[in-house]
Amino acid sequence: MSDKFYPIPIEKLAAWMLRDLHQDQLFGIHRSLWFQPNPHQPFRMRRYGQLLETPIGVAAGPHTQLAQNIITAWLTGARYMELKTVQTLDAIEVTKPCIDMSDEGYNCEWSQELQLQQSFDEYLNGWIIIHWLRHHLGWDHDTESGLIFNMSVGYDLAGIQNPNVQTFLDKMVSCPVQLSEKLNRLKGILPGLGDIQIPQRMTDNITLSTMHGCPPDEIERIGKYLIHERKLHTTIKLNPTLLGPDQLRDLLHNQLGFNTIHVPDLAFEHDLKYDGALDLIRSLQIAAGQAGVEFGIKLTNTLEVENLKGNLPDNEPMVYMSGRALHPISVLVAEKLQSDFDGQLDISFSAGADAFNLAEILECNIRPVTVCSDLLKPGGYARLHQYLEILNEKILATGSTNLTEFILSHSDGEEDVTQAGLANLKAYAGSVSADERYHQHHFPNQSIKTDRPLMTFDCIAAPCINECAVNQDIPGYMYHAAQGDFQRALEIILRNNPMPHVAGLVCDHLCQSKCTRINYDRPLLIRGIKHFIAEHANGKTDPRCAPFNGHTVAIIGGGPAGLSAAYFLAQDGFEVEIFESKSQVGGMTAGTIPSFRMDAAGLAADVARIKRLGVIIHTGTEINPARFEALRSHFDYIFVAVGAQVGKRLDIPGEKYSGVLDQLTFLQSVHSAERPKPGDSVLVIGGGNSAMDAARTAKRIVGTKGNVTVVYRRTVAQMPADRDEIGELGIEGIKLLELTAPVEILEMNGHVTGLRCQKMVLGEIDASGRRQPVAAGEPYFDIPADVIISAIGQEVVLDFFPEHELKVDPQTLETQIHDIFAGGDAVRGPATLIKAIGDGRHVAQAIRKKANLRSDQVYEPHQRDLTRIELQQKQAVRDYGPALVTHRSNDTLGFDLMSKPLDAESAKAEASRCLFCDERCSVCVSVCPNRANVEFTIRPRVVRVSQGILENDVFQPTQHHLVTAAQTTQIFNVGDFCNECGNCTTFCPTKGQPFRTKPKFWLSSESFAQEESGHHFADGVLHHSHGKTESSFRQINGRLEYTTPEFIADFDPIDFHLIQIEALQSGKVEVDLRHAGSLYFLWDALKDHPMLRG
C-alpha cells in the first residue's frame, strides 16, 4: 500500500454524488445533518465585500485537500474555505502517520500532498459541484454564492515567484478555459447545470502560511508582494509563540496542567517576536491601504513542541500542537494584539474552536472562525451542524438579528462594534484559562481502543461491553433506561451481574473508560445509571431457576466471586452452599469499604436475591484442611473463592512499632463501629482505592483539625485508584505527596513519630507499562505522623488447600485437583469487584460444562426502535449530560452515603446519551477527512466453503469453513483517497487499523496497477491482488466464477455451493475457497456502486 493520492475525474465524482443524493445523503452524511441556508439567519456576515452565509469554515489542512472534502465541509455549514497550503515543492514526502487527535491535536509539518495542477483541479471541481448543489437543492436564494475560497500559500518569496506557483495563482483568480472544459464534460450528468452561472474567479484573497522560523523581513516581503503585485486581500497567519516563553509556559503548564508538553526554546528563538509582529502588521496595513485591498491576521498557527507523546513517528523531533490546549494561548495572543491596535485589527481565528466556544469567539469581533482539530474527531464534518444550532440559539437569546448586534449586546452599552469586541475579548481572555474544558485533567488521556482484533467484516461492537469483566449489555439497559422502562433495564443487568446495587456504587467501572462518548464530551455515568436502576426498578426481577439437576457445589468464600458463582449455578439447577468465615457475606464490600461509599442496604438486597434462588449461606465458618476434605467428599464440585484478607507489609524498618496499621485492619475496625481515633496526623501509604478509602475514612475521624496525607511513590497520573476517588482527596482536605517513597518509620518509646522518605523521579518504563520511580538522589526528609496506614496491597491465605501451590487452567479456572475450581482474589490476587463477579460467572459456566449440562436460561431479544439515520444524528452531537450528585453535610465529614442516585429524569436523559455503538460504529468513516472509509450495506449471510487438493480435475476437500458477514453495515476503504494519516486508527475501538484491514478498493485501473494489493472493478469483474497473487470474481452464464492463476471455481448464485472446479496447471493444486466467499460478499454488495464501477 502507499499513501499517495489518486484524484478522480469530476465525472466520477458527480456519479458518486448523484447516487448518494438518491439515498438522501452525500459522502456518508445524511440530509438531516446538512446546513440549509436562508436569508434570515442572524449569523451571516460579509468579508472582502462578499457574503458568507455562516461565519465558520474549515482551516487549511486535511479538510481542504480534495474536492469531496471541500464539498462535505460546505454541505455541513462551512463557508470560509481555507484551501490547503500550496508551495513550489509539490512532490514532498510526508511522514506517516501524520495526525494524532487523541486529545489536543498534533501533526507533522506538511503542505499539500498533490502537485499544484492536481490541487487546482480539486479546488475547481469542488467550486463547480458546490454551485450546482446550491441550485439543485434550492439553496440559491441569493445572487451571491455565500462562500469564500481562501488560498493559502507558502513558504518563501522565491518559491511563490516560481512558475508553477504563479500559474496556480493565475488560474485560481481566473480560469475560464478550465471551467468551460469541465462543464462540457459534465453535460448530461448533472441536471440543470446549464442553467447556472458559475464564476470564473474562484478567489481574490489569500493567507500567507509561513514555516515556523521564517524571518520577519521575508514575511513582510511576501505580504507586500501579494498585496501590491497580486492585488489580493491578504491575511498573515501568526504563531502562538508571540505570547512569549514565560507567559505561554505558565499558561500551558501551571494554569492548564499540560505539564508533558515541552515547547523548546528554539520555537521562541526562531519565530517572529511580538515587537516585530507589531511593526509587520503596521507596515502591511499601510501597504493594503495603498493597494486598495484588505489586510488581516489569522490566529494562530500550530505550536511547535517536542515529539514526546509517542503516537507520531520518532524521526520527527518536533510536532505541531493544535486543539483545546492551544485555544487559551491563542485567545491571549488575540487580546494582546487587539489591545495594542485598539480593536482595529481584522482577526480571523482557528485554535481549538468548537461548538461550545464559537459564540464567545465571535462576541470578540473575531471572524470568521475556522476549524480543523475538532472535525478530525468522531462525528467529523457533521459536528458543524451543532456549531450553528448553538450559535443561532445564543444570538436569538440576546434579541439580536445579526452578528454586529450580538457583539454589542455583551458590551455594557458600547455602541462601537470594534470597542465592544475589544471589551468582550478582554473579558474572555481573563476567563478562558479558568474553563476546565481546556485543562489537561478534563480529558485524562484515555483511549477507547481495546484488545479486540479488527476484522475484514463485522467489526461493530461496543467497547464498553468488551472492557467489562462480565460483558454487561450496557447499551441494552441504557436503551430501556432512556425509555423509562427501568424494570426491563434491571432484567438485562441481572443476566450477567447479580450485584447491581453494589456494582452501582463501588464498581471500578472500566466500562466508562471505554465509552465512545469520551471522544465527544464525557463518558456515560454507567455506574450511576446502574445504581438508579437497582434502586428504582419495581416488580419481580428474580431470574427463573431450573429444577435440581442432581449436582452439588460448595463455595468457599462469600465475597463477590462466590456470590456470583452461586447466583448463576442456582439458575442452572445446582444445589449450592456458601461457606463464609466472617459474620456476613460480601467480602470487602461488607467489611472494608466505608459506609460513605457503600450502602449496606444495597448489599443486603443483592444477597437476598441470591438467597431467594435457594442458595444456602453458612457464615462464621472457617475452612481448615479437615473441613476442606469433608467438603470434597460431600459435594460434587468446589469453588475456592476466598478473598485477599491480609494486608501487605511495607518491608521497611520500624514496621512493628505501635501506630502502624494496614488498611484492612483499620477499615474493618471502623466498619465494626469502633471508630478508633488514630491521632491528629495520619499518613496513608499507597495509591489504590484501598488507600483512598483509608485516607478518607481517617479524615472523617480526625476531623478538620487533624491532618491526613497520602504518600505515593509514583505520580498522581499513575495512581491506580479511581479518578473520582483521587479527586475527593483535595475536596476533603487530604494532602497528596507524589513521587515520595517511604524509607523508614520513625519512633519514640516504641510509638510512631513520623516517616522518613526520599524523593523519586520517573525513570524507564517497567513491566506495568508505567515509568518506574527511581531515587532522585536528594537527601532524605521526614514527615511527622501519629499513625501510619499501609495500603500497598493485600495477600491471599490458602492454608486449607492441600497442594503447596494453587494452579488453575486459565480457560476453565479448574485447579490441579479434579473438580475443584478457583477464581477471584484466590487466583488474581487483590482485584476489582467486577472481575471477581466475572470469575464467578466464568466458574459457573465451567462447572456446568463439566457436568455436561446446558443452560436453560433463554432471554428474549430486546428490540430497539432506532434507525441508522437516528444513530448517525446521535453521533454528530456533543452532550455533556448531567453530573452525579454528591451529598455533603454542611458542617462535617460524615459517614452517610455520599453518592446519591440520579433522579428519574436525569437517569433517562443520561442513558439517552448512549451512542449504541453495538448497532452502528462507522467512526472510521466520520473521522476521515478524505471520505476514504465508506459505509455500505450487505445482505447478512453465511456461506460454506472448502479447502483441499485438486488433482486430475478431482477436488478432494480436507476442511470445511464458514465465511460470515453477519452485520448489515460494513466498511471499505478507497485507496485513491487514503493518505494513511492514521486518524481512523486513533479512534477505532479495536486494536486494528481500518485503512489497512478493511477491503481496499482502487477506483482506476492505473491506481490498481501501481499498488501492491487491493480490489478493483472493471466491466463487472471484481479483481483482487495481493503482492504477486491475483484473483477475480464475476457472474457469467448464470454462474459465479472465482478465478486464480491455479484454478477456476464455479458456484451456484443461489446458495453458493461449489458446482465445479477446474485446474489451470498440471499436478496437485492446493485450493482454499475462503477468499472466494469474501469476494462474493463484496462483489454482490458493491458491483453497482457508481464510484467503484469500472
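The values are calculated or read from the model by the stated rules, or taken from the named source; none is laboratory data. This is a predicted model, so every value here is computed, not measured. Cβ atoms come from the backbone with ideal geometry, glycine included; neighbour counts cover every protein chain shown.
Annotations for the structure displayed:
- Residues located in region 130-172, provided they are in a helix (DSSP H, G or I) and either of a type in the set (D, E, K, R) or not assigned by TED's automatic domain parsing to the domain that holds R31 (or both): R134, D170, K171
- Residue in region 1060-1079 that is in a helix (DSSP H, G or I), touching a residue at least 24 places away in the same chain (Cβ under 8 Å) and either hydroxyl-bearing (S, T, Y) or surrounded by fewer than 17 Cβ atoms within 10 Å (Cβ to Cβ) (or both) present: yes
- Each residue in region 112-125 was checked for being of a type in the set (G, A, S) and surrounded by fewer than 23 Cβ atoms within 10 Å (Cβ to Cβ), and 0 pass.
- Entry remark, region 470-491: residues being farther than 9 Å from A911 by Cβ, within 28 Å of the chain's Cα centre (by Cα) and polar (S, T, N, Q) number 2 in total.
- Unique match (being surrounded by fewer than 21 Cβ atoms within 10 Å (Cβ to Cβ) and either assigned by TED's automatic domain parsing to the domain that holds T715 or among the hydrophobic types (A, V, I, L, M, F, W, C) (or both)) among G614, G620, G679, G686: G679
- For region 583-592, a tally of residues being under 36 Å from the mean Cα position of the chain (by Cα) and more than 15 Å from A698 (Cβ to Cβ) returns 5.
- Near pairs, Cβ below 8 angstrom, 6+ apart or cross-chain, from region 62-74 (within 16 Å of W34 (Cβ to Cβ)) to any residue that is of a type in the set (D, E, K, R): Q68/R931; N69/R931; I70/E122; T72/R931
- Of all residues in region 1024-1035, those that are at negative phi and surrounded by 15 or more Cβ atoms within 10 Å (Cβ to Cβ) have Cβ atoms under 6 Å from Cβ atoms of residues that are assigned to a strand (DSSP E or B) and of a type in the set (D, E, K, R), 6 or more apart or on another chain, in R1034/E1041.
- Of D1055, D1088, D1084, D1050, all but one fail to be surrounded by fewer than 21 Cβ atoms within 10 Å (Cβ to Cβ), in a strand (DSSP E or B) and on the phi < 0 side of the Ramachandran plot; the exception is D1050.
- Under the condition of being under 16 Å from E122 (Cα atoms) and surrounded by 19 or more Cβ atoms within 10 Å (Cβ to Cβ), the residues counted in region 2-26 number 9.
- Subset of region 1003-1023 that is farther than 13 Å from R1093 by Cβ and among the hydrophobic types (A, V, I, L, M, F, W, C) - its residue that is surrounded by the most Cβ atoms within 10 Å (Cβ to Cβ): F1008
- Comparison of A359, A423, A397, A353 shows that the only residue that is in contact with a strand residue (DSSP E or B) (Cβ under 9 Å, 6 or more places away or on another chain) and either among the aliphatic types (A, V, I, L, M) or within 26 Å of H439 (Cβ to Cβ) (or both) is A353.
- Screening V954 with (1) in contact with a helix residue (DSSP H, G or I) (Cβ under 9 Å, 6 or more places away or on another chain); (2) within 27 Å of F1056 (Cβ to Cβ) gives one miss only, at (1).
- Here N549 fulfils each of the conditions (1) part of a loop (DSSP other than H, G, I, E, B); (2) within 18 Å of M898 (Cα to Cα); (3) not hydroxyl-bearing (S, T, Y) apart from (2).
- Residue count for region 375-386, restricted to those that are outside any helix (DSSP H, G or I) and either among the acidic types (D, E) or touching a Lys or Arg at 6+ places or on another chain (Cβ under 7 Å) (or both): 0
- Filter result for M45 (assigned by TED's automatic domain parsing to the domain that holds G352, touching a residue at least 24 places away in the same chain (Cβ under 8 Å) and over 22 Å from G352 (Cα atoms)): no
- Selected residue [at pLDDT 95 or above and surrounded by fewer than 22 Cβ atoms within 10 Å (Cβ to Cβ)] from R649, R627: R627
- When residues in region 970-992 are screened for being among the small types (G, A, S) and surrounded by fewer than 24 Cβ atoms within 10 Å (Cβ to Cβ), 2 of them pass.
- So D314, is it assigned by TED's automatic domain parsing to the domain that holds V94 and surrounded by fewer than 19 Cβ atoms within 10 Å (Cβ to Cβ): yes
- Matching strands (runs of 3 or more DSSP E) fully within region 41-108 where at least 3 residues are surrounded by fewer than 24 Cβ atoms within 10 Å (Cβ to Cβ), of a type outside the set (V, I, T) and modelled with pLDDT of 90 or more: 45-47, 50-52
- Some residue of region 706-723 being small (G, A, S), crowded, with 20+ Cβ neighbours inside 10 Å and not in a loop (DSSP other than H, G, I, E, B): no
- Every residue from region 145-158 that is farther than 17 Å from G57 by Cα and not small (G, A, S): V153, Y155, D156, L157
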